[in-house]
Amino acid sequence: MERLFKFVYKYRAFFTFLLLQLFCAWLVVENNQYQSTRYFNSSNQIAASIISTSQGIKEYFSLRDINKDLASENASLRKKLDDTNQIIEEIKLAQVKNLAIINRFDYISAKVINNSTSQYKNFITINKGLDYGLAPGMAVISQQGAIGKVKSVSDHHAVLISLLNIDDHVSSKIKRTGHFGTVQWDGSDPRLIDLRYIPRHVSPLVGDTIVTSGYNAVFPEGILIGVIKEVKLSEESPFHQIKVELAQDFGKLAFVEVVKSNLRAEQDSVEVITKGIQK
């Protein structure tokens, strides 16, 4: 131990220089969007191969839970298929030519190869990228509920900004009342997320279901986010303070589905045109 201290002391100038260089690099990546994006894209390829090995070992010991989730997902998909077939038959009977409303979203399944839950800004890496048509801004869900959005992509991988990220927020609503707000993580408990901007005249209840609002072309409407666990309202606040228990345990996340909105470009276009007219 004494030799180690002497070695560190002898080369203290070099170690100080090295620490300062690393700190400067971190500041550049953290505070510049371009450098941050380049960093994510370039590091994904190297990190993915290392992480996938360790993730494979973890998944081996959780195969029972994964198989259980897959069985539940298959049952749910069969029900969705039956419902979709019924809707198609009803539309055919009504002689509706445009089936775009049914094909509004496509779903691309992917495997999680890296996932963090202990940082203020958590990210998830999956094994699909440009080769499957993924692009930044696409929504990501799981069998249990909403997960986040695609932040950056490479040829074979993508990095998602998790719901457990203080910079991410998703338009949502209370399913029982229909009142909408925004869910955003406060950086503390990975099982809880805040539901913001629910006005005081609304009466949210513990146990109420929170789902995506569908007020944008990213997330489908009605994707489960969680259930209300705690509601507070101070005298001077115009909004409730609501804690929502997430439906998805991010510590057990193994597979996700990337949601590709086929009508997003059309919606964005008409909104841009409308705003331009208003100006």
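In this structure, is Asp69 modelled with pLDDT of 70 or more and touching a helix residue (DSSP H, G or I) at 6+ places or on another chain (Cβ under 9 Å)? If you could, list the steps in order and put the result at the bottom.
Numbers: modelled with pLDDT of 70 or more: yes; touching a helix residue (DSSP H, G or I) at 6+ places or on another chain (Cβ under 9 Å): yes.
The answer is yes for Asp69.
Within the stretch 232-250, identify whether any single residue is among the aliphatic types (A, V, I, L, M), at pLDDT 90 or above, farther than 19 Å from Ile161 by Cα and in contact with a Ser or Thr (Cβ under 6 Å, 6 or more places away or on another chain), and answer yes or no. Taking every residue of the stretch 232-250 in turn, none turns out to be among the aliphatic types (A, V, I, L, M), at pLDDT 90 or above, farther than 19 Å from Ile161 by Cα and in contact with a Ser or Thr (Cβ under 6 Å, 6 or more places away or on another chain).
The values are calculated or read from the model by the stated rules, or taken from the named source; none is laboratory data. Source: prediction; values computed, not measured. Glycine also receives a Cβ, built like all others from the backbone with ideal geometry; neighbour counts cover every protein chain displayed.
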